[in-house]
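The values are calculated or read from the model by the stated rules, or taken from the named source; none is laboratory data. Not measured: the values here are computed from a predicted model. Cβ placement follows ideal geometry from the backbone for every residue including glycine, while neighbour counts extend to all protein chains displayed. For the accessible areas, the whole protein counts, side chains as well, though only heavy atoms, and no ligand, DNA or RNA atoms are used. Shrake-Rupley method; radii C 1.70, N 1.55, O 1.52, S 1.80 Å.
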Amino acid sequence: MLSARNITLAYGKRVLFDEVNINFTKGNCYGVIGANGAGKSTFLKILSGEIEPNKGTVEITPGERMAVLKQNQFEFDNCTVLNTVLMGHKRLWEVMHEKDALYAKEDFSEEDGMRAGELEAEFGEMGGYEAESNAASFLNSLGVHDEMHNSLMSEIPSNLKVRVLLAQALFGNPDILLLDEPTNGLDIETIGWLENFLADYENIVLVVSHDRHFLDTVCTHVADVDRSKIKVFTGNYTFWYESSQLMSRQISDKNKKNEEKRQALLDFIARFSANASKSKQATSRKKALEKLTIEEIEPSNRKYPGIIFQPLREVGNQILNVENLSKSVDGRVLFDKVTFSVNKGEKIAFLSKDPLAVTAFFDTITENAPLEGGKYEWGTTITKAYLPQENSEFFKEGLSLMDWLRQYVPPHITDADEPFIRGFLGKMLFSGDDIQKKTNVLSGGEKVRCMVSRMMLQNPNLVILDQPTNHLDLESIQSFNEGCQSFPGIVFITSHDHTFMQTVANRIIELTPKGIIDRLMTFDEYLEDARVKELRAEMYA
């Protein structure tokens, strides 16, 4: 068991945690959620001992081992990849080195022999004789292949370093596993492997993630960090979100009879219990939900932005025609022979194994990058709004939020006074004196929210979204997702957020160096389609 007792932490007048008491038990995975800045990562650092609270203690069952996903990619630069993973089991690593030092002694004594025997026994009990093969297996599963295992960490790309550090945390079956944004830098296949691994994990897991599909797949409970407290709720993220929203609506509906409310909640719990779908984790979650009482469900205190795109006009029959578009960078082909047309009602998810490919495609069709080969033509009725992945060029001048957004008012709006501009900023939770904040001091999440305000102001009938969830908290991601679902226009999107892609897109286009794969289906259907898997293997060969 892992327990936090009376944890209090404040930085000056800002109180992150006030008398937090919480228990985490074996067999459960806890998704730690909360608004940006609420203290999710800080809480994990308190549990791991990296940060000392002002008050309170962390208690771990004696003999249990904790592993933490490291965030410093340069910490192990002088170590080999394989050794970095082995170092995740601190005691095992110490025993290995002590054994090697003993056997290397020229004057090996009887006493040394006794000590070596003790170490060999302990080494065997910890699974030491299989350690290297197990570590290698983790690395291969995470996409770090055999030829890199003996390389120094300083010699491998940063995206692979993240995977090595994840393997380090998972290695040796720790009793308590703390993971802060473990899906960062992982591709779809690797995230799927990690989901399956954690869904069957029998010890304690705490995970901070903005990936709702990941949280839904692996979590049995949600630990909600809000207002300096942490409350644990049974169920995954979607259950927590939908039940809290349902409770909130029912509280606001004064005329609804109590028994009707109760029955609606019971039906909701039963439906979620029946939908559990992940092996041991699902069984645990189902049993927990069956024991859940109505009193445990509480409305969320969170504020959700209002992301609503309202087209000024409907799209016409001609939307976008692309013919033989190609792009290369430094001799590497990002995509080639890209030919397709867009039809009314389509919301298209774009993907590629090359992380630069979709961004380069979006930049090309929005005239933010030069046309290299082929051509494209937009329909005359199209009003597009683009959310680029990199937005720093929009915030170089230190304007107030009010003045910043005012410069993007389109010509068709003739009455853009202060209340009008304030309304668009208010939808993205900029209120009161926030509108006087200078754009050159905004956080990453605040900049994205400004960019979304700008998009809404344009009244587009087609939106292009390049990694729209980057820097956003779960509340903003949820609202963005729902806004795109209800949007009556055309959506182009690429995202690491599985749920976003699955719930919005009805067509998938994958850009490859040998052409495109184009399917009218959902994201999940695309990932599971046997013919698509064959084509992907051919296109990337």
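Does residue 532 qualify as being open to solvent by less than 30 Å² (accessible area, probe 1.4 Å), at pLDDT 95 or above, assigned to a strand (DSSP E or B) and β-branched (Val, Ile, Thr)? It is false that residue 532 is open to solvent by less than 30 Å² (accessible area, probe 1.4 Å), at pLDDT 95 or above, assigned to a strand (DSSP E or B) and β-branched (Val, Ile, Thr).
Tallying residues that are polar (S, T, N, Q), part of a helix (DSSP H, G or I) and touching a Ser or Thr at 6+ places or on another chain (Cβ under 8 Å) within the stretch 155-183 yields 1. Among residues of the stretch 38-56 that are under 14 Å from residue 19 (Cα atoms) and open to solvent by 20 Å² or more (accessible area, probe 1.4 Å), those with a Cβ under 6 angstrom from a residue that is outside any loop (DSSP other than H, G, I, E, B) and charged (D, E, K, R), sequence gap 6+ or separate chain, pair up as 56/5.
Based on what the data block shows, is residue 150 more than 20 Å from residue 68 (Cα to Cα), modelled with pLDDT of 90 or more and part of a loop (DSSP other than H, G, I, E, B)? Answer is yes for this residue.
Can you tell which of 361, 340 is more than 26 Å from residue 451 (Cα to Cα) and either touching a residue at least 12 places away in the same chain (Cβ under 8 Å) or open to solvent by 30 Å² or more (accessible area, probe 1.4 Å) (or both)? Reasoning before the result, please.
Numbers: 361 fails: more than 26 Å from residue 451 (Cα to Cα).
Within the list 361, 340, the selection yields 340.
In the condition set (1) open to solvent by 50 Å² or more (accessible area, probe 1.4 Å); (2) in contact (Cβ under 8 Å) with a residue 24 or more places away in the chain; (3) over 20 Å from residue 178 (Cβ atoms), residue 71 is compliant with all but (3).
For the stretch 175-189, which positions are of a type outside the set (A, V, I, L, M) and open to solvent by 10 Å² or more (accessible area, probe 1.4 Å)? Outline the logic, then answer.
Going residue by residue through the stretch 175-189, those that are of a type outside the set (A, V, I, L, M) are 175, 180-185, 187, 189.
Scanning the stretch 175-189 gives 175, 180, 181, 183, 184, 185, 187, 189.
Taking the criterion of being in a helix (DSSP H, G or I), open to solvent by less than 10 Å² (accessible area, probe 1.4 Å) and closer than 19 Å to residue 354 by Cβ, the residues of the stretch 490-529 that qualify are 501, 523, 526.
Yes or no, residue by residue, for (1) in contact with a Gly (Cβ under 9 Å, 6 or more places away or on another chain); (2) of a type in the set (Lys, Arg); (3) closer than 30 Å to residue 340 by Cα; (4) open to solvent by 10 Å² or more (accessible area, probe 1.4 Å):
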{"position": "392", "(1), (2), (3), (4)": "no, no, no, yes"}
{"position": "419", "(1), (2), (3), (4)": "no, no, no, yes"}
{"position": "422", "(1), (2), (3), (4)": "no, yes, no, yes"}
{"position": "428", "(1), (2), (3), (4)": "yes, no, no, no"}
{"position": "438", "(1), (2), (3), (4)": "yes, yes, no, yes"}
{"position": "454", "(1), (2), (3), (4)": "no, yes, yes, yes"}
{"position": "460", "(1), (2), (3), (4)": "yes, no, yes, no"}
{"position": "465", "(1), (2), (3), (4)": "no, no, yes, no"}
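When restricted to residues that are surrounded by fewer than 19 Cβ atoms within 10 Å (Cβ to Cβ) and in contact with a Lys or Arg (Cβ under 9 Å, 6 or more places away or on another chain), the stretch 204-240 contains 2.
Residue pairs whose Cβ atoms lie under 8 Å apart, separated by 6 or more positions or on different chains, with the first residue in the stretch 381-393 and closer than 12 Å to residue 456 by Cα and the second of a type in the set (Ser, Thr, Tyr), are 384/366; 386/366. Considering the stretch 364-390, and only residues there that are among the aromatic types (Phe, Trp, Tyr) and out of contact with any helix residue (DSSP H, G or I) (no Cβ under 6 Å at 6 or more places or on another chain), the residue that is surrounded by the fewest Cβ atoms within 10 Å (Cβ to Cβ) turns out to be 378. For beta carbons closer than 8 Å, sequence separation of 6+ or different chains, a first residue in the stretch 105-120 that is free of Cβ contacts under 8 Å to residues at least 40 places away in the same chain and within 23 Å of residue 131 (Cβ to Cβ) and a second that is open to solvent by 80 Å² or more (accessible area, probe 1.4 Å) and in a helix (DSSP H, G or I), the qualifying pairs are 116/103. Among the residues of the stretch 325-337, those identified as part of a strand (DSSP E or B) and either charged (D, E, K, R) or surrounded by 21 or more Cβ atoms within 10 Å (Cβ to Cβ) (or both) are 325, 327, 332, 334, 335, 336, 337.
Among the residues making up the stretch 458-476, those that are at pLDDT below 95 and not in a loop (DSSP other than H, G, I, E, B) are 474, 475, 476.
In this structure, residue 258 does satisfy being more than 14 Å from the chain's Cα centre (by Cα) and modelled with pLDDT under 85.
For the stretch 436-457, the tally of residues that are among the polar types (S, T, N, Q) and not in a helix (DSSP H, G or I) stands at 1.
For the stretch 96-132, the set of residues classified as closer than 22 Å to residue 70 by Cα and either aromatic (Phe, Trp, Tyr) or open to solvent by less than 20 Å² (accessible area, probe 1.4 Å) (or both) consists of 131 only. On the stretch given as the stretch 180-217, residues that are over 16 Å from residue 496 (Cβ atoms), in contact with a strand residue (DSSP E or B) (Cβ under 9 Å, 6 or more places away or on another chain) and hydrophobic (A, V, I, L, M, F, W, C) total 5. Of all residues in the stretch 82-93, those that are free of Cβ contacts under 8 Å to residues at least 40 places away in the same chain and under 19 Å from residue 120 (Cβ atoms) have Cβ atoms under 9 Å from Cβ atoms of residues that are hydrophobic (A, V, I, L, M, F, W, C) and open to solvent by 20 Å² or more (accessible area, probe 1.4 Å), 6 or more apart or on another chain, in 91/126; 93/87. If you go through the stretch 153-171 one residue at a time, do you hit one that is touching a residue at least 12 places away in the same chain (Cβ under 8 Å) and charged (D, E, K, R)? Checking the stretch 153-171: at least one residue is touching a residue at least 12 places away in the same chain (Cβ under 8 Å) and charged (D, E, K, R). Can you report the number of residues in the stretch 93-114 which are more than 27 Å from residue 158 (Cβ to Cβ) and either among the hydrophobic types (A, V, I, L, M, F, W, C) or in contact with a strand residue (DSSP E or B) (Cβ under 7 Å, 6 or more places away or on another chain) (or both)? Number of matching residues: 7. In the stretch 305-324, the residue that is nearest to residue 334 (Cα to Cα) out of those that are open to solvent by 50 Å² or more (accessible area, probe 1.4 Å) and in contact (Cβ under 8 Å) with a residue 60 or more places away in the chain is 318.
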